């Protein structure tokens with residue numbers, strides 16, 4: 001078996017240019033934050049009806065995806081898949097980075113970000129939100145521990161590789177369950193209040209996380225010209241395909257469950273067939289762009305010989321995921337809260353009205369800044385820590401991969 | 001004071017001084033150091049806890065008397081608590097609103113005031129990460145704005161849209177000393193805690209000249225409200241959620 | 001070792017901070033006509049934040065109201081008149097609560113919600129004589145028993 005050699009990210013002008021661009025995006029986001037903080041949320045598109053807006057779409061997407069990014073490491077260490085092992089360091093670092101990006105958005109969108117210390121010192125243990133804060137911090141700790149065990153040269157520590165991997169895997173499952181439950185336990189709203197939200201969020205995290213990982217990994221390897229095997233990318237791509245299908249399945253189940261209960265039918269009609277932005281985003285954004293198209297690309301023959309289909313599919317999965325988040329978060333609030341089932345209501349406080357929401361520029365800038373922060377941390381970490389294998393060529397990673405690719409070629413030839 | 005680096009001594013001095021001046025000091029919520037002032041007995045409204053765990057404050061709203069053109073309760077609350085919401089505004093603070101409900105099947109229409117329902121099992125309190133969304137032991141649900149971080153999860157959780165987020169700075173002239181609220185925090189009806197604690201009834205109940213609103217201690221069988229509740233059928237909004245509301249209505253659509 | 005020393009020094013600094021709070025403060029305008037403060041001056045300088053915090057929680061959770069410790073009462077006694085003869089708001093650096101805070105660079109967020117000047121009624125209500133509260137309770141008791149017709 002070949003030893004995997006890790007080395008620091010190379011590049012000079014390119015590296016600094018990348019950081020500069022990312023820094024500019026983050027800077028714009030911080031300016032947007034300052035603007036929203038100074039004038040209050042009145043300058044955003046958020047209202048007393050749509051209380052969670054665009055920042056939450058990005059934040060929840062990134063937080064959910066973060067645990068999915070860690071999957072690559074888990075598959076390597078928990079399920080003992082050789083081909084994934086070289087990727088586990090990058091996977092762990094990227095997972096922490098993506099979580100940090102998401103949390104930054106969440107924190108900067110608070111009404112009182114200056115009271116962050118309060119959030120850390122006062123806990124209401126009945127709140128699933130407070131539990132999530134503990135889960136997030138624990139995630140960082142578990143991932144760092146995992147990295148340490150991975151990178152340690154001491155045999156005494158290396159023994160625990162598998163245990164650390166298991167801990168990280170279990171933690172990430174709990175974390176996504178927690179994130180899903182933030183919505184799943186809201187009895188008040190027609191669109192939420194579904195037990196299936198927890199497994200649905202786990203499935204979404206597998207899919208979004210792997211898409212982010214693939215895209216960023218390919219970008220890094222292409223940028224510095226390190227060898228990257230078609231077999232490896234193809235295998236990860238096919239795995240992504242499976243995850244995308246599973247996520248779509250759970251989304252379908254959630255909507256079907258809702259359709260079955262008469263009290264939720266009006267909501268489903270609004271989302272599935274309302275002809276509004278949410279309908280379009282769900283069918284066109286998540287269904288077509290985020291599911292059907294990627295599946296087609298990932299399982300196409302072209303994906304075996306070229307990186308482009310997998311890269312495009314990953315990008316589309318990310319866009320589709322954001323669309324789905326928008327439908328879940330904004331759509332769920334846009335539908336009027338039902339206080340008197342079956343009755344027509346009106347009031348001076350927009351009861352019984354479908355709430356409108358127009359995201360404002362600062363909100364979007366803040367969301368993008370979180371994403372940029374995730375990428376920036378990953379790139380920077382790759383520069384200072386040996387987390388990138390020198391070569392990800394199929395031969396170096398797992399000889400089986402190379403052979404498998406050959407077999408495919410042979411079969412085609414025959 | 002010369003020797004002040006000893007926090008223990010400073011604290012002892014502090015308490016001694018408090019005793020000397022005859023002040024009333026709260027050392028911790030619930031733990032009181034009461035001394036008699038120069039004026040004789042301590043007043044009910046002068047430093048004693050007014051919250052009584054044996055009580056449960058609540059309201060009964062007789063919707064048969066409530067007309068759809070009247071919003072005296074709403075304007076009284078605005079006046080008392082210093083919020084101003086323009087009709088249809090999406091970002092203004094509102095604590096209480098009149099909702100018009102119509103049954104499309106029968107054409108029956110009615111109007112009722114909706115405010116925080118002061119649930120016994122409030123979802124907003126359960127979800128709050130810091131515990132700012134709180135329930136007093138006498139059943140009043142309110143926001144401790146000193147530890148509210150403005151995450152708005154309580155607004156997501158409330159089935160009654162009773163809570164508002166303060167979207168912008170409130171000018172000094174509009175602020176009320178007894179009902180502070182400010183940018184970046186969530187706020188809602190607190191059943192006029194500042195009035196109830198000093199022996200007054202909530203502003204909306206006081207303002208209702210149709211006798212449609214009744215306020216009192218639901219746990220006291222002799223209270224007017226409890227007697228009335230025992231006499232006639234009353235209903236909760238979305239009783240299916242099982243939240244055990246502190247506000248009940250005599251008729252719902 | 002070094003770290004240990006640092007911790008000790010930090011702890012000392014933290015313990016000494018409230019003391020410093022009283023010692024370095026500038027002269028603040030005091031109006032003694034309305035009576036004595038909750039605690040003697042030097043104690044107030046050091047302890048007013050604790051006092052306010054305890055009181056704040058006591059009001060929120062236990063409904064403790066009125067008396068000298070009420071926020072409105074502080075502002076009532078400590079109002080500083082501006083050029084127009086009216087009490088200045090916290091926008092003015094002359095405001096009682098700002099004099100020392102500006103000097104020691106302490107920032108408090110109270111004023112985004114709380115009024116910073118005495119209000120008619122508010123201060124009075126806070127300083128209401130003992131018997132007034134008692135009558136109110138009798139009236140409430142009557143109301144609660146009989147309801148309003």
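Values in this text are rule-based calculations from the coordinates and carry no lab data. Being a predicted model, the structure only gives us computed values, none of them experimental. FYI the Cβ positions are ideal-geometry reconstructions off the backbone, even for glycines, and counts take in every protein chain you see.
Please rank B:67, B:250, B:187, A:179, fewest neighbouring Cβ atoms within 10 Å first, as an exposure proxy.
Values: B:67 12, B:250 20, B:187 23, A:179 26.
Result, fewest neighbours first: B:67, B:250, B:187, A:179.
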Neighbouring Cβ atoms within 10 Å as the yardstick, rank B:78, B:210 fewest first. B:210, B:78
Rounded to the nearest 0.05, what FRET efficiency do residue A:152 and residue A:81 give with R0 = 22 Å and r taken as the Cβ-Cβ distance? Could you check? 0.55
For the modelled label position 7 Å from the Cα of residue A:300 along Cα-to-Cβ, which residues of region A:180-224 have backbone nitrogen atoms closer than 18 Å? A:215
What FRET efficiency would be calculated for the residue pair residue A:253, residue B:54, taking the C-beta separation as r and a Förster radius of 51 Å, to the nearest 0.05? 0.60
Translational diffusion coefficient, Stokes-Einstein: compute it for region A:68-119 using the Kirkwood radius over C-alpha pairs as Rh, at 4 °C and 1.567 mPa s, and state it as an integer in µm² s⁻¹. 103 µm²/s
Rounded if a/c under 1.5, otherwise prolate or oblate - region A:162-304, Cα gyration tensor axes: oblate
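Take the eigenvalues of the Cα gyration tensor for chain A, scale each by 5, and report the square roots as semi-axes in whole Å, largest first. Write out the running numbers ahead of the final one.
Numbers: eigenvalues 280, 124, 81 Å².
Largest first, chain A gives 37, 25, 20 Å.
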Here, the protein assembly as shown modelled as identical Cα point scatterers in vacuum has Debye log10 I(q)/I(0) at q = 0.07, 0.10 Å⁻¹ of -0.64, -1.11
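Would you mind putting C:40-48, C:56-64 in packing order, based on average other-beta-carbon counts within 10 Å, highest first?
On the way: C:40-48: 17.8, C:56-64: 21.9.
Answer by packing, highest mean first, reads C:56-64, C:40-48.
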Fewest to most Cβ atoms within 10 Å: C:95, A:400 sort as A:400, C:95
Quick check: pseudo-label points 7 Å beyond the Cα along Cα→Cβ at residue A:144 and residue A:265, how many nm apart are they? 5.4 nm
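Within 10 Å of each Cβ in B:76-89, how many Cβ atoms from other chains are there, averaged over the peptide?
Details: counts 0, 0, 0, 0, 0, 0, 1, 0, 0, 3, 1, 4, 5, 5.
Average per residue, whole number: 1.
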Based on the alpha-carbon gyration tensor of region A:155-207, what equivalent-ellipsoid semi-axes (square roots of 5 times the eigenvalues) come out, in whole Å, largest first? 33, 9, 5
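Would you mind getting the Kirkwood hydrodynamic radius of region B:73-203 from its Cα pairs, rounded to one decimal in Å? Display every interim value, and only then the final one.
On the way: mean 1/r = 0.0644 Å⁻¹.
Answer for region B:73-203: a Kirkwood hydrodynamic radius of 15.5 Å.
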What does the average come to when, for each residue of peptide B:117-125, you count the partner chain Cβ atoms lying within 10 Å of its Cβ? 1
Sum of -39500 (n - 2.57) over DSSP H runs of 4+, divided by residues of chain A (222 nm, nearest 500): -22000 deg cm²/dmol
Under a point spin-label approximation (7 Å from Cα along Cα-to-Cβ), what is the residue C:102-residue B:230 distance to one decimal in nm? 6.3 nm
Quick one: helix A:262-273 against the long Cα principal axis of chain A, what's the angle to the nearest 10°, folded into 0 to 90? 60 degrees
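Residue by residue through B:197-207, how many Cβ atoms from other chains fall within 10 Å of the Cβ on average? Don't skip to the end; give the middle numbers.
Details: counts 7, 10, 11, 5, 5, 0, 0, 0, 2, 2, 0.
Taking the mean over all residues of the peptide, I get 4.
Percentage of Cα-Cα pair distances in region A:248-307 greater than 14 Å, rounded to whole percent?
Numbers: 1138 of 1770 pairs.
Across region A:248-307, Cα pairs with separations above 14 Å total 64 percent.
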Tell me the Kirkwood hydrodynamic radius of region B:149-253 in angstroms, computed as one over the mean inverse distance between distinct C-alpha pairs. 16.4 Å
Per GNM of chain A with C-alpha springs under 10 angstrom, the most fluctuating residue out of A:369, A:211, A:167 is A:167
Kindly list the residues of region C:91-117 that lie in the label zone of residue A:114, defined by a backbone N under 17 Å from the point 7 Å along the Cα-to-C-beta vector. C:91-93, C:97-116
